[in-house]
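Enquirer: One structure is given below, represented as structure tokens, and several questions about it will come after.
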Amino acid sequence: MEYKIISNNPMVKNEFENTIWVDGNPKDVLIKTRDLLHQDYELVTHPLNASIKMVLSPVKSIILRKIKENKDLFQLEVIEDSILKYDNLYIKNGHRKRKEHYKDFAMIDYTLLKSGMEEVKSTFGGEFLEIRNWKYSY
Amino acid sequence: MKLEIGNIHIKDMVFGERTLVEDGILHINENELRNILKEDPRIMDVKVDIAKPGDKTRIIPVKDVIEPRVKTEGEGNGFPGVTSKMFEAGTGKTKVLKGAAVVTIGDIVGFQEGIIDMWGEGGAYTPFSSTYNLVVDITPVKDLHAHEHEEAVRKAGLKAASYVGEAGRHIKEDELLVYNLESVGDSTLKYKDLPKVVYVQMLISQGLLHDTYIYGVDSKVMLPTFIHPNEILDGAVISGNCVAACDKITTYQHLNNSVILDLYNKHGKELNFLGVVMTPELTTLEGKIRSCNYATKIVKSLGADGVIVSEEGYGNPDADLLMICRRLEKDGIKTVLITDECAGRDGSSQSLADTAKEAKAVVSTGNVSHLVVLPAADKVIGNPKAIENLAGGYEGSLDEKGQISCELNAIIGATSEIGYHNVTVKGY
């Protein structure tokens, strides 16, 4: 199976060659994800995080899986709802633009992404493309 | 399974030459505690302090809160699989230093966690303003990886609670509570006219600072599981979760889970409480569907007529919450959801990231975006500037005089989704 990571997190871009790099903010990552879902990809990880702090993180990574055609309306609903919720929170709270904790946000986003990968590996047999061992220390 | 909880009421906390309880006053030998915690080679230094109810003291940024306890009858002691050898929690007798708490603080990453104010507006919102708090501030060795740092702080808090709890071993309790639940088969026969109710507790299970542990097992690698409520009340579940402060479930709150305690109160009178299903909130959609299917299957196998589901966190867990609700309601099982709301400062935004028509019985534990102003403290334990980087805080949250403006998001336990909190509803 072919997987892609949609991300604006430099740590992810540097580690995984199957990253579709988004030169923009997390909303751009969500939009790119939506566009791919309308083509031939499906969601592997949920587009939102589990804590409001990470929902408003300046970086975001989402795993997608290539399929023939996505006819799953539930998935389209999930991504549209996520964009709406993100807009709502962003308008009210703004992005975390401050640079001083950027590395921390990137590291947590990376860690959560790795958890998603571990789940995929445990259920679909380790086909996830990893080009380097996890040796990033921070 | 029968568990006795012996509450020893703590009326004050002071530093002393020995760690003991005398006339309701908890004395703590801070040097001995520091030395025990420093046995972990990952910990370079430990600072301890005391914060008392009513003091104009602010604790920030808080990681976890733990209740000091000791097991005096039955197998084992401490937190099984984490601070002690494995044993089955939930039986025998456990003594609790009621009114005391261990609070861990410190920066693991540069954001998240929360505030405890011991007085005023902030104090009114957190249940931990009314406990005598032993604050443990861990400085790790240089260049410790964030995962190792988080584990060291988590275990230090649990070890400190076990060390302090030991002071209650030979003290007679002021109050004895007994928690005894029959087997599902026995209670179904015994209370055949009462509705059968299961509690489904959702747990954040996603990675660094977003984890929960059951008997030391990381909940993100498990399938939903049936667990006896006594096990939760007796230390089987601990928090490794330092996310949004208002709705993270601290270890203290797991030990005093309000949903379980209320269901126990109604058991055999209004309803038949069958037990608890713990289900992980995973990052993948397939994981969410699997957990939802598995949790609902357990609930149905138990023959439940009704279910109470509590959430942890905000954002993608909303998907799990509504998914479980849809499945259960479609199968004819009446479902009540407990969640907080992220409804914007004026309360007008959609509360959850997901909706479902089946979610028609929902208990709200408060709006996390509600804005509060916290006056300057006389004493700050920790780093007051951390507020700018907490969920609910922002640049400019802390003014020159030390006053904080922030959302409830930043206050520990303010909108607890298992109901262990102070926010309530007022009718007009």
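The values are calculated or read from the model by the stated rules, or taken from the named source; none is laboratory data. All values derive from a computational prediction rather than experimental measurement. Because the Cβ atoms are built from the backbone with ideal geometry, glycine has one as well, and the counts that use them run over all protein chains shown. When the accessible area is computed, the model is the full protein with side chains, heavy atoms only, and any ligands, DNA or RNA have been set aside. Shrake-Rupley method; radii C 1.70, N 1.55, O 1.52, S 1.80 Å.
Enquirer: For the stretch B:108-145, what are the residues that are among the aliphatic types (A, V, I, L, M) and either assigned to a strand (DSSP E or B) or open to solvent by less than 10 Å² (accessible area, probe 1.4 Å) (or both)? Explain how you work it out, then say what you get.
Expert: Going through the stretch B:108-145, the residues among the aliphatic types (A, V, I, L, M) turn out to be B:108-109, B:115-116, B:118, B:124, B:134-136, B:138, B:141, B:144.
Correct list: B:V109, B:I115, B:I116, B:M118, B:L134, B:V135, B:V136, B:I138.
Enquirer: Among all residue pairs at least 6 apart or on different chains, which show Cβ distances below 6 Å where the first residue, located in the stretch B:132-160, is among the acidic types (D, E) and the second is outside any helix (DSSP H, G or I) and open to solvent by less than 10 Å² (accessible area, probe 1.4 Å)?
Expert: B:D137/B:I105
Enquirer: Looking at the stretch B:369-428, what strands (runs of 3 or more DSSP E) fall wholly within it and have at least 3 residues that are within 14 Å of another protein chain (Cβ to nearest Cβ)?
Expert: Working: elements: B:371-374, B:379-382, B:404-407.
Filter on the stretch B:369-428 gives B:404-407.
Enquirer: Could you pull out the residue among B:S187, B:S162, B:S129 that is over 23 Å from B:N256 (Cα atoms), modelled with pLDDT of 95 or more and away from every other protein chain (no Cβ under 14 Å)? Talk me through it step by step, then tell me what you get.
Expert: Values: B:S162 fails: over 23 Å from B:N256 (Cα atoms); B:S129 fails: over 23 Å from B:N256 (Cα atoms).
Criteria check complete, one pass: B:S187.
Enquirer: Only residues that are hydroxyl-bearing (S, T, Y) and at the interface with chain A (Cβ under 7 Å from one of its Cβ atoms): list them for the stretch B:303-318, please.
Expert: Pass one, the stretch B:303-318, residues hydroxyl-bearing (S, T, Y): B:310, B:314.
Once the filter is applied, which keeps residues that are hydroxyl-bearing (S, T, Y) and at the interface with chain A (Cβ under 7 Å from one of its Cβ atoms), the stretch B:303-318 yields only B:Y314.
Enquirer: I would also like to ask the following. Would you say B:E148 is surrounded by fewer than 21 Cβ atoms within 10 Å (Cβ to Cβ), over 24 Å from B:N29 (Cα atoms) and modelled with pLDDT of 95 or more?
Expert: On the way: surrounded by fewer than 21 Cβ atoms within 10 Å (Cβ to Cβ): yes; over 24 Å from B:N29 (Cα atoms): yes; modelled with pLDDT of 95 or more: no.
Spelling it out, it is not the case that B:E148 is surrounded by fewer than 21 Cβ atoms within 10 Å (Cβ to Cβ), over 24 Å from B:N29 (Cα atoms) and modelled with pLDDT of 95 or more.
Enquirer: If a residue has to be open to solvent by 10 Å² or more (accessible area, probe 1.4 Å), touching a Leu at 6+ places or on another chain (Cβ under 9 Å) and part of a loop (DSSP other than H, G, I, E, B) to count, how many in the stretch B:39-74 make the cut?
Expert: Result for the stretch B:39-74: 2.
Enquirer: Separate question: Considering every residue within the stretch B:253-276, establish whether at least one is on the phi > 0 side of the Ramachandran plot and either in a helix (DSSP H, G or I) or more than 21 Å from the chain's Cα centre (by Cα) (or both).
Expert: Looking only at the stretch B:253-276, we keep the residues that are on the phi > 0 side of the Ramachandran plot, and these are B:268, B:275.
Still in the running and either in a helix (DSSP H, G or I) or more than 21 Å from the chain's Cα centre (by Cα) (or both): B:268.
So far as the stretch B:253-276 goes, yes, one or more of its residues are on the phi > 0 side of the Ramachandran plot and either in a helix (DSSP H, G or I) or more than 21 Å from the chain's Cα centre (by Cα) (or both).
A quick yes/no check of all residues on (1) of a type in the set (G, A, S); (2) without any contact (Cβ under 8 Å) to a residue 60 or more places away in the chain; (3) touching a His at 6+ places or on another chain (Cβ under 9 Å); (4) open to solvent by less than 20 Å² (accessible area, probe 1.4 Å):
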{"position": "B:K357", "(1), (2), (3), (4)": "no, yes, no, no"}
{"position": "B:L371", "(1), (2), (3), (4)": "no, yes, no, no"}
{"position": "B:E388", "(1), (2), (3), (4)": "no, yes, no, no"}
{"position": "B:G392", "(1), (2), (3), (4)": "yes, no, no, yes"}
{"position": "B:E395", "(1), (2), (3), (4)": "no, yes, no, no"}
{"position": "B:L408", "(1), (2), (3), (4)": "no, no, yes, yes"}
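Enquirer: Is it fair to say B:I8 is in contact (Cβ under 8 Å) with a residue 60 or more places away in the chain, open to solvent by less than 10 Å² (accessible area, probe 1.4 Å) and among the β-branched types (V, I, T)? Steps first, please.
Expert: Details: in contact (Cβ under 8 Å) with a residue 60 or more places away in the chain: yes; open to solvent by less than 10 Å² (accessible area, probe 1.4 Å): yes; among the β-branched types (V, I, T): yes.
Yes; evaluated as a whole, the condition is true for this residue.
Enquirer: Please work out if B:H210 is under 17 Å from the mean Cα position of the chain (by Cα), modelled with pLDDT under 95, within 23 Å of B:P317 (Cα to Cα) and buried (at least 24 other Cβ atoms within 10 Å of the Cβ).
Expert: yes
Enquirer: Of all residues in the stretch B:331-355 being part of a strand (DSSP E or B), open to solvent by less than 70 Å² (accessible area, probe 1.4 Å) and within 21 Å of B:K300 (Cβ to Cβ), which is farthest from the other protein chains (Cβ to nearest Cβ)? Can you show your working first?
Expert: Restricting attention to the stretch B:331-355, the residues satisfying the condition of being part of a strand (DSSP E or B) are B:334-341.
Subsequent filtering for residues that are open to solvent by less than 70 Å² (accessible area, probe 1.4 Å) retains B:335-341.
Narrowing the set further to residues that are within 21 Å of B:K300 (Cβ to Cβ) leaves B:335-338.
On the way: B:T335: 19, B:V336: 22, B:L337: 17, B:I338: 17 Å.
Step by step, filter the stretch B:331-355, then rank; the result is B:V336.
Enquirer: Condition (residue is closer than 23 Å to B:I204 by Cβ, within 14 Å of chain B (Cβ to nearest Cβ) and out of contact with any strand residue (DSSP E or B) (no Cβ under 6 Å at 6 or more places or on another chain)) applied to the stretch A:9-19: is it met by at least one residue?
Expert: Yes, the stretch A:9-19 has at least one match.
Enquirer: Now for a separate question. It is to be established whether one or more residues within the stretch B:194-207 are away from chain A (no Cβ under 14 Å), hydrophobic (A, V, I, L, M, F, W, C), within 17 Å of the chain's Cα centre (by Cα) and under 23 Å from B:G90 (Cα atoms). Can you show your working first?
Expert: Going residue by residue through the stretch B:194-207, those that are away from chain A (no Cβ under 14 Å) are B:194-201.
Add one more test, that the residue is hydrophobic (A, V, I, L, M, F, W, C), and what stays is B:194, B:197-198, B:200.
Now drop any that are not within 17 Å of the chain's Cα centre (by Cα), which leaves B:200.
Those still in the list that are under 23 Å from B:G90 (Cα atoms) too: B:200.
Yes: the stretch B:194-207 contains one or more residues that are away from chain A (no Cβ under 14 Å), hydrophobic (A, V, I, L, M, F, W, C), within 17 Å of the chain's Cα centre (by Cα) and under 23 Å from B:G90 (Cα atoms).
Enquirer: If you check every pair at least six apart or on different chains, which have Cβ atoms under 8 Å apart with a residue in the stretch B:288-300 that is within 11 Å of B:D331 (Cβ to Cβ) first and a residue that is open to solvent by 20 Å² or more (accessible area, probe 1.4 Å) second?
Expert: B:T296/B:R327; B:T296/B:D331; B:K300/B:D331
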